[in-house]
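Right, one structure below, let's go through it.
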Amino acid sequence: MAATVQIHEMTASDTGTDKTDGTVRFKSADETSVDTNNRLTIPTSGTDYSYTKQLQLNVTVAPDTDLQDLEAYSDGGNGFGTGVGVQYDTDGSFSANVDTDISGTDLFTADSGSPIDMDATNTGPHTGTGYQGDLLRLQMTIADTAEQGTLTAETLTFAYTET
Amino acid sequence: MDLQDVYTWEIETVDGQVYQRDGKKRWQEIEPETVLRASLVPQSDTLQRIDVFCSSDNRFVGWFGKGFLKQVNNFQLSEYAQCLETDGQRVWVLSGGQVMITHPEFELRL
């Protein structure tokens, strides 16, 4: 039977919220709801940082054999506009979400030609069900040059190979 | 139908045995040298099957699926490609029936 794979967003504890058929919204609070509460604000000077979002694959139906080559990538172009960015890093285990600078890498440098290795720490092959691979930690950055308004969603892709 | 179930693999060996996914053997348990034909068989009449005939200079290597979960408006499994690999090529089929034949080291990213 083919595997069923979900995207989970990890919050205050290492227990995720299923975001399959849902979205991930950057906020000024450590919570997973998609609404207009806890919006990010444009600073008068410098840069503000959202609470981090940590995403991980969750397998609910096991593959026949295993999953390998877990990857994530953006479309390579920042469509959020001037002063708005997203930075990332990866880790093999959950750590508390923060709203301070994680000094990560620009997400939009990770495209389909140079994807993020999502099982560099928790290496595959991945068998069975449950959380698999590493956590992708994302943080939105808002500079004082940003313009106010609601942003259009960007594309983020998770890919896996199943055997 | 879920995208990962649109096609299923089928392997025929030189002794006339036909093996299918969810059957009595995983493809890894079949001797590659004995594979005469590897196929991707659609579960819908509107798609066509893909047959790869193997030989001593185009030997069966394996099957794999490639899932792509994308967030645009919602995180969804937006594509699930399946691939039959021989030592000379990779034959890919997308869930809509599109077929690609590539170098065996080609990696598909959508």
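Accessible surface of B:Ser95, taken over heavy atoms with a 1.4 Å probe and every protein chain present, rounds to 20 Å². Rounded to the nearest 10 square angstrom, A:Asp35 shows an accessible area of 50 square angstrom against a 1.4 Å probe. When you work out D = kT/(6 pi eta Rh) for the stretch A:53-109 at 37 °C and 0.692 mPa s, using the Kirkwood radius from C-alpha pairs as Rh and the Stokes-Einstein form, the result is 231 µm²/s. Just to be sure I understand the curve: with the Debye formula and one point per C-alpha of the protein assembly as shown, what is log10 I(q)/I(0) at q = 0.12, 0.16 Å⁻¹? Log10 of I(q)/I(0), two decimals: -0.76, -1.16.
Pairs over the 23 Å Cα-Cα cut-off, from the set B:Lys25/B:Lys66; A:Lys19/B:Lys25; B:Lys24/B:Lys70: A:Lys19/B:Lys25; B:Lys24/B:Lys70.
Could you tell me how far the Cα centroid of the stretch A:88-104 sits from the Cα centroid of the stretch A:42-57, in Å? Using only Cα atoms, the two centres lie 11 Å from each other. Both radii are taken from the alpha-carbon atoms of the stretch B:23-110; with Rh as the Kirkwood radius, Rg/Rh is 1.01. Computed on protein heavy atoms with a 1.4 Å probe, the accessible areas place A:Asp21, A:Asp89, B:Asp45 in the order B:Asp45, A:Asp21, A:Asp89, largest first. Note on B:Glu31: accessible area is roughly 110 Å² with a 1.4 Å probe, heavy atoms of protein only.
Contact order, relative form, for the stretch A:63-163: 50 percent (alpha carbon pairs under 8 Å, 6 or more residues apart, mean separation divided by residue count).
Considering all different alpha carbon pairs of the stretch A:1-125, the Kirkwood hydrodynamic radius works out to 16.2 Å.
Starting from the Kirkwood radius over alpha-carbon pairs of the stretch A:72-136, derive D by Stokes-Einstein at 25 °C in a medium of 0.890 mPa s and give it in µm² s⁻¹. Here the translational diffusion coefficient equals 183 µm²/s. Specify the inter-centroid distance of the stretch B:47-65 and the stretch B:3-20, based on alpha-carbon positions, in whole Å. Each part reduced to its Cα centre gives a spacing of 10 Å. Once both labels are positioned 7 Å from their Cα atoms along Cα-to-Cβ, the gap between A:Ala143 and B:Asn74 label points is 3.6 nm.
Here the Karplus relation 6.51 cos²θ - 1.76 cosθ + 1.60, evaluated at θ = phi - 60°, turns the backbone of the stretch A:34-50 into coupling constants of 10, 8, 9, 6, 6, 6, 7, 10, 7, x, 6, 7, x, 9, 9, 10, 6 Hz, with x for every Gly and Pro. Here chain B is assigned +1 on the Cβ of each Lys and Arg and -1 on the Cβ of each Asp and Glu. Its dipole about the Cα centre then comes out at about 300 debye.
Only Cα pairs under 8 Å and 6+ residues apart enter the sum, and on that basis the relative contact order of chain B stands at 21 percent. Listed values for the stretch B:62-77 are Karplus-derived 3J(HN,Hα) couplings in whole Hz (6.51 cos²θ - 1.76 cosθ + 1.60, θ = phi - 60°), namely x, 10, 8, x, 10, x, 10, 9, 10, 9, 10, 9, 9, 6, 8, 6, and x replaces Gly and Pro.
The values are calculated or read from the model by the stated rules, or taken from the named source; none is laboratory data. What you see is a predicted model, and the numbers here were worked out from it, not measured in a lab. Neighbour counts run over all protein chains shown; Cβ positions are idealised from the backbone, glycine included. Just the protein is used for accessible areas: all its heavy atoms, side chains included, with ligands, DNA and RNA removed. Shrake-Rupley method; radii C 1.70, N 1.55, O 1.52, S 1.80 Å.
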